[in-house]
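**Q** I'd like to ask you about the structure that follows.
The values are calculated or read from the model by the stated rules, or taken from the named source; none is laboratory data. Only a predicted model underlies this, so the values are computations on that prediction, with no experimental measurement involved. Note: ideal-geometry Cβ built from the backbone for every residue, glycine included; neighbour counts use all protein chains shown. Just the protein is used for accessible areas: all its heavy atoms, side chains included, with ligands, DNA and RNA removed. Shrake-Rupley method; radii C 1.70, N 1.55, O 1.52, S 1.80 Å.
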Amino acid sequence: MNRNAADILNLMSKLTVKRAANAVKLVSSYLVSKYTGKPVHWGMPLSISFEPTTSCNLRCPECPSGLRSFTRPTGMLDSDFFKKQMDEMHRELMYLVFYFQGEPYLHKDFLELVKYASSRKIYTATSTNAHYLTDEMARKTVESGLDRLIVSIDGTTQETYEQYRVGGKLDKVLEGTRNIMKWKKALKSKTPHVIFQFLVVKPNEHQIAEVHSLANELGVDEVGLKTAQIYDYEHGNELIPTLEKFSRYSKNADGTYRIKNKLLNHCWKMWHSCVITWDGLVVPCCFDKDAWHRMGNLKEKSFREIWNNETYREFRASVLRSRSEIDMCKNCTEGTRIWA
């Protein structure tokens with residue numbers, strides 16, 4: 001069976017009657033809201049991103065973790081707190097991303113958290129720079145039940161790789177990937193589905209063919225070519241690719257840049273998903289990296305209360321009214337990612 005098809009079937013195996021009914025509610029309420037302009041909402045989220053930590057070992061130039069530029073507190077997710085949330089959410093929740101900012105493997109109990117969510121029959125995914133995938137950690141990763149492992153590899157030579165992954169070592173990434181593939185085979189496991197994520201920027205765009213070859217050589221399941229979000233793009237940026245297909249931005253006649261996609265007054269993410277920071281803040285979207293738009297605090301109220309509270313209803317209404325008035329939406333490039 002095709003490896004991508006196997007991954008899709010694995011995801012669909014997590015579907016239950018309750019989760020399917022919840023999905024119908026979400027889609028229905030989103031469509032009603034989209035066409036009426038009123039924030040109608042039914043159901044609970046299908047997908048959530050949960051942040052294990054804000055800490056990171058690298059210094060990537062377009063990342064708040066790498067730049068150490070957060071205005072919000074930094075720290076590690078409390079394991080008991082996470083398990084409590086899973087106990088309350090798992091009946092409707094189908095897809096859990098262990099990532100927002102930071103390097104997940106820096107959390108000492110990260111794989112225990114994965115194992116707990118997996119035991120609830122939730123599809124689990126994470127994104128890593130792969131520097132901590134030692135032989136032992138790779139074995140534990142496969143044994144944890146993790147369904148999807150995204151490995152960031154933004155260059156096929158050290159010289160290119162380190163231009164974006166500042167402080168990183170490509171040989172560690174390759175070693176970690178080999179360890180994962182070794183233990184998948186040894187344990188006869190179909191998971192995790194391993195993806196090489198290649199963030200296309202000007203310094204590495206000439207290595208797109210090479211990353212596909214490298215993935216084939218290592219037995220990686222999939223290659224994802226991801227376009228880069230640039231914070232300061234208006235007057236150009238050295239990271240913006242010259243290959244138009246892989247850029248989220250288009251050049252204007254006067255030499256300035258604009259975001260390619262139109263800022264439409266609706267957003268599916270506001271209906272089916274959200275992000276929870278390591279310290280329990282619920283924010284509506286992964287573009288809100290500093291958690292400015294806080295819908296509530298799980299240390300104070302339950303998720304169900306927050307998901308349907310007045311703050312969230314008003315935020316969804318503002319999205320339907322005018323996304324251009326919302327800070328994080330102004331640089332929203334959702335829909336311009338390329339997977340190949």
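**Q** Among (1) open to solvent by less than 20 Å² (accessible area, probe 1.4 Å); (2) in contact with a helix residue (DSSP H, G or I) (Cβ under 9 Å, 6 or more places away or on another chain); (3) not hydroxyl-bearing (S, T, Y), there is one condition G75 misses while meeting the rest; what is its number?
**A** (2)
**Q** Using the structure shown, decide if V151 is within 15 Å of the chain's Cα centre (by Cα), aliphatic (A, V, I, L, M) and either under 22 Å from L225 (Cα atoms) or open to solvent by less than 30 Å² (accessible area, probe 1.4 Å) (or both).
**A** When the stated conditions are applied, V151 passes them.
**Q** Output the residue which, of all residues in segment 204-233 that are surrounded by fewer than 18 Cβ atoms within 10 Å (Cβ to Cβ), touching a residue at least 12 places away in the same chain (Cβ under 8 Å) and part of a loop (DSSP other than H, G, I, E, B), is nearest to the chain's Cα centre (by Cα).
**A** Y231
**Q** List every residue pair whose Cβ atoms sit under 6 Å apart, with the two residues 6 or more apart in sequence or on different chains, where the first one lies in segment 286-300 and is touching a residue at least 40 places away in the same chain (Cβ under 8 Å) and open to solvent by less than 30 Å² (accessible area, probe 1.4 Å) and the second, anywhere, is outside any loop (DSSP other than H, G, I, E, B) and among the β-branched types (V, I, T).
**A** What qualifies is A291/V283.
**Q** While we're on this one: From the list V151, V114, V166, pick out the single residue that is under 19 Å from Q197 (Cβ atoms), assigned to a helix (DSSP H, G or I) and either at pLDDT below 95 or hydrophobic (A, V, I, L, M, F, W, C) (or both). Outline the logic, then answer.
**A** Working: V151 fails: assigned to a helix (DSSP H, G or I); V166 fails: assigned to a helix (DSSP H, G or I).
Result of the check over V151, V114, V166: V114.
**Q** Which is touching a Cys at 6+ places or on another chain (Cβ under 9 Å) and either open to solvent by less than 30 Å² (accessible area, probe 1.4 Å) or assigned to a helix (DSSP H, G or I) (or both), of S49, S33?
**A** S49
**Q** Go through (1) surrounded by 18 or more Cβ atoms within 10 Å (Cβ to Cβ); (2) part of a helix (DSSP H, G or I) one by one and return the number of the condition L93 breaks.
**A** Every condition holds for L93 apart from (2).
**Q** If I306 meets every condition in (1) assigned to a helix (DSSP H, G or I); (2) touching a Phe, Trp or Tyr at 6+ places or on another chain (Cβ under 8 Å); (3) at pLDDT below 90 apart from one, which number is that one?
**A** (3)
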